[in-house]
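Shown next, in structure tokens, is the structure this report addresses.
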Amino acid sequence: MTFTQVLFLIFAAIILGSAFMVVTTKKMIHAAFWLITTLFGVAALYAMLNAGFLAMVQIVVYVGAIAILFIFAIMLTRKDLRDSDTPLNKNWGVAALIGFLSFGGLLTILNNWTGLLKEAPELSSGMDTISDLGVALLSPNAYLLPFEVASVLLLAALIGSVYVANQAKSE
Amino acid sequence: MQNPWIYVGIFVLVGLLIPIAAIAIAAILGPKKPNAIKQSTYECGIETVGDSWVQFKAQYYIFGLVFLVFDVETVFLFPWAVSLNSLPLFAVFEGIIFVLILLAGLVYAWKKGMLEWV
Amino acid sequence: MEFWKDPITTIFDSLLKSFTSGGMTEDLATVLIYLIGILAFISFAMVLDIFLVWVERKVVARFQDRLGPNRIGPFGIFQPFADIVKLLIKEDITPFGADVVLFNLAPIFSLMSVLLLWAIMPFAPKMVGVDLNVGMLYLVAAGSIGTLSVIMAGWSSNNKYALMGAFRTVAQMVSYEIPMVAALLVVTVLAGTMGAVGIVEAQEAVPFIILSPLAFLIFLISAIAELGRSPFDLNEAESEIVAGFHTEYTGMKFGLFYAGELLHSFTFGGFIALLFFGGHRLFGLENLGPLVGALIFMGKALFFYWVIMWVKYTVPRIRVDHMLAFNWKFLTPLAFILLMVTALVGRIFLHSPWLAPALFISNILIAWLTIEYLKSHARKERDQAEASGSAPATATQH
């Protein structure tokens with residue numbers, strides 16, 4: 001095993017373990033912090049792939065904004081910050097079965113997919129990936145429309161949250 | 001050793017190690033004589049009433065939402081800012097439109113009174 | 001001679017040679033040298049931090065017309081060592097009902113988030129930890145780890161004041177991140193790169209303070225808010241919520257929060273120097289060698305650290321609603337307008353000798369228009385308040 005593979009296994013174990021803790025821990029806040037651990041693990045995987053921009057976006061947006069919003073929401077709504085009964089209900093067997101089936105399905109599909117074994121082309125050392133990303137985002141025959149639509153989507157999110165908050169206030 | 005993030009990874013490890021070492025040394029050197037008064041919640045000498053959970057303003061959440069929208073926006077703007085000089089002039093206007101759409105959202109929230117701390 | 005021109009690479013190469021000659025693979029040797037280098041680097045940062053404690057106490061004493069520490073050593077310079085010994089042998093108290101794991105993790109993450117920033121600090125051309133091409137986003141990401149540590153500390157302490165302080169801090173840090181990032185975007189537009197080394201190189205001819213003085217002001221204000229220093233120290237407003245999120249912390253854990261705050265201020269001083277004041281440059285003195293450049297950089301960082309202290313001990317605390325209104329209704333729109341104007345003017349005058357004057361004049365114009373708008377707005381509100389006879393306190397909000 002190479003150094004990179006060992007690192008990948010460590011991060012994969014962290015991601016899976018903390019994701020498991022998110023759904024099984026009883027304290028809501030702990031679930032949020034385990035989720036943050038998962039997000040950091042994913043960011044580390046991006047960094048291992050030398051995708052620094054994605055790794056930083058993962059931390060800035062998911063850890064810095066969304067996770068904080070989760071924690072705000074938990075603290076604003078729950079007086080008792082823990083689940084009183086067990087996080088499992090009687091359907092856990094079926095859920096586990098479905099989980100294993102989808103895992104097996106994915107495994108077979110990915111095993112037969114040739115794209116999995118493809119090696120990424122070497123990047124030339126002088127290449128600035130961020131600059132290329134910007135050019136791709138802003139060229140009309142590349143991703144200009146999604147770029148502008150993203151801003152409209154964000155506007156819609158903002159207006160939606162303002163509308164909902166206004167309704168809550170008037171009630 | 002092409003990946004600069006290995007350096008950052010080691011930096012994170014050492015950055016965790018140094019404060020952990022500081023706390024560990026303090027734990028070894030310091031006395032340990034806990035008692036009920038010492039460990040009670042500090043509220044300027046007054047007995048604590050109720051649990052530590054207090055009702056927060058929903059306003060915090062609104063500001064969090066507005067922040068989230070602008071945070072995602074700035075992430076989109078960084079590639080734009082980096083590649084600006086190698087792009088034609090209309091790329092600047094694309095970015096400006098992007099910002100203006102979101103500033104319109106900020107003005108909307110402002111006019112609806114969402115930015116007031118009530 | 002080679003050493004003085006490029007000390008880091010010289011040391012790196014000689015260590016690599018001696019390691020690989022012992023039969024080690026090159027990758028392992030590199031990782032090991034990184035580890036040694038980073039340990040030395042962070043130890044240097046921590047020693048600097050100890051020195052900063054003394055600077056802070058001495059300067060605040062002078063601002064308040066006192067002497068400050070003056071007993072231990074010349075000018076009391078060994079005072080912080082006595083402080084450390086005291087912090088180390090103090091009892092560590094964990095309050096009842098505290099979440100022990102998170103309670104202990106919070107100060108660790110708080111200091112780590114600050115130390116992480118040092119990885120990308122370019123002290124001199126070849127004296128930089130790592131030149132990430134996403135440098136500015138890295139700065140923001142490390143800041144969000146700091147935010148996280150505040151929430152951890154506030155929640156795990158099981159204390160009303162700590163929780164309130166944490167909420168205030170997070171609301172403030174999160175809000176002021178937006179104008180700060182917008183100011184960073186302005187710098188990125190001017191430099192054409194996000195990497196710290198590239199930004200310093202781009203200031204070869206003109207430092208960015210001249211190209212965009214407004215961005216500097218916005219960055220300074222939001223940096224002070226991000227640091228939670230006065231006038232934005234609502235998170236530890238002593239008269240209202242004891243000490244904010246670190247109310248329950250004692251001994252070394254409190255020490256880590258305190259050290260983190262001081263080092264954070266100094267680090268932001270460094271970032272101001274590198275973003276707006278040309279990093280290691282000072283009238284050609286930097287040509288003497290990278291070590292001189294690094295000294296100049298540290299001097300600039302110390303100067304802006306002093307500026308932040310100056311503001312801290314001069315300006316009184318502002319109210320929470322004013323703090324948020326100032327950010328969302330003034331600083332954020334201003335920062336984004338500045339970003340749009342800078343991008344437009346910078347692109348039109350690209351490669352022309354008029355770039356610097358055009359940018360400077362556009363900055364002055366924006367500042368003047370803003371002040372005029374604020375004046376007319378304030379007049380309107382004053383007239384309104386006088387007409388309705390209400391208290392003038394509400395008229396000052398904008």
Please enumerate the residues belonging to region A:21-56 that are touching a Pro at 6+ places or on another chain (Cβ under 8 Å), assigned to a helix (DSSP H, G or I) and surrounded by fewer than 18 Cβ atoms within 10 Å (Cβ to Cβ). A:Val23, A:Thr24
Selection count, region C:182-213, where residues are under 20 Å from the mean Cα position of the chain (by Cα), more than 11 Å from chain B (Cβ to nearest Cβ) and surrounded by fewer than 22 Cβ atoms within 10 Å (Cβ to Cβ): 4
Do you know which residues across region C:110-141 are farther than 23 Å from A:Ile68 by Cβ, within 9 Å of another protein chain (Cβ to nearest Cβ) and part of a loop (DSSP other than H, G, I, E, B)? C:Gly129, C:Val130, C:Asp131, C:Leu132, C:Asn133
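Among the helices (runs of 4 or more DSSP H) confined wholly to region C:265-363, which include 2 or more residues that are open to solvent by 50 Å² or more (accessible area, probe 1.4 Å)? Spell out the reasoning first.
Numbers: elements: C:290-312, C:320-325, C:332-348.
Of the helices (runs of 4 or more DSSP H) lying wholly inside region C:265-363, those with at least 2 residues that are open to solvent by 50 Å² or more (accessible area, probe 1.4 Å) span C:290-312, C:332-348.
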Just checking, does region C:239-251 include any residue being in contact (Cβ under 8 Å) with a residue 24 or more places away in the chain, touching a Phe, Trp or Tyr at 6+ places or on another chain (Cβ under 7 Å), open to solvent by less than 40 Å² (accessible area, probe 1.4 Å) and of a type in the set (A, V, I, L, M)? yes
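Here's the yes/no breakdown for (1) more than 19 Å from C:Glu201 (Cβ to Cβ); (2) in contact with an Asp or Glu (Cβ under 8 Å, 6 or more places away or on another chain):
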site	(1), (2)
C:Leu275	no, no
C:Gly279	no, no
C:Pro290	no, yes
C:Ile296	no, yes
C:Tyr305	yes, no
C:Val311	yes, no
C:Pro316	yes, no
C:His322	yes, no
Failed criterion for C:Thr394 (all others in (1) at pLDDT 80 or above; (2) surrounded by fewer than 16 Cβ atoms within 10 Å (Cβ to Cβ); (3) among the β-branched types (Val, Ile, Thr); (4) under 27 Å from C:Ser222 (Cα atoms) hold): (1)
Residues in region C:142-158 that are surrounded by 23 or more Cβ atoms within 10 Å (Cβ to Cβ) and either of a type in the set (A, V, I, L, M) or in a strand (DSSP E or B) (or both): how many? 6
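Could you please find all residues in region B:19-31 being open to solvent by 40 Å² or more (accessible area, probe 1.4 Å) and either within 30 Å of A:Met56 (Cα to Cα) or at the interface with chain C (Cβ under 7 Å from one of its Cβ atoms) (or both)? First the steps, then the outcome.
Step one: list which residues in region B:19-31 are open to solvent by 40 Å² or more (accessible area, probe 1.4 Å), which gives B:20-21, B:24-25, B:27-29, B:31.
Within region B:19-31, B:Ile20, B:Ala21, B:Ile25, B:Ala27, B:Leu29, B:Pro31 qualify.
Checking the condition within 12 Å of chain B (Cβ to nearest Cβ), assigned to a loop (DSSP other than H, G, I, E, B) and more than 19 Å from the chain's Cα centre (by Cα), which residue from C:Thr30, C:Thr94 passes? Please lay out each step first, then the result.
Values: C:Thr30 fails: assigned to a loop (DSSP other than H, G, I, E, B).
The unique qualifying residue is C:Thr94.
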Out of C:Leu39, C:Leu87, C:Leu52, C:Leu35, I need the residue that is surrounded by 18 or more Cβ atoms within 10 Å (Cβ to Cβ), within 27 Å of the chain's Cα centre (by Cα), within 14 Å of chain B (Cβ to nearest Cβ) and within 28 Å of C:Leu111 (Cα to Cα). Which one? C:Leu87
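The values are calculated or read from the model by the stated rules, or taken from the named source; none is laboratory data. On a predicted model such as this, the values are computed, not experimentally measured, just so you know. Here Cβ is always computed from backbone atoms with ideal geometry, including for glycine, and neighbour counts include all displayed protein chains. All accessible areas refer to the heavy atoms of the entire protein, side chains included, with ligands and DNA or RNA removed. Shrake-Rupley method; radii C 1.70, N 1.55, O 1.52, S 1.80 Å.
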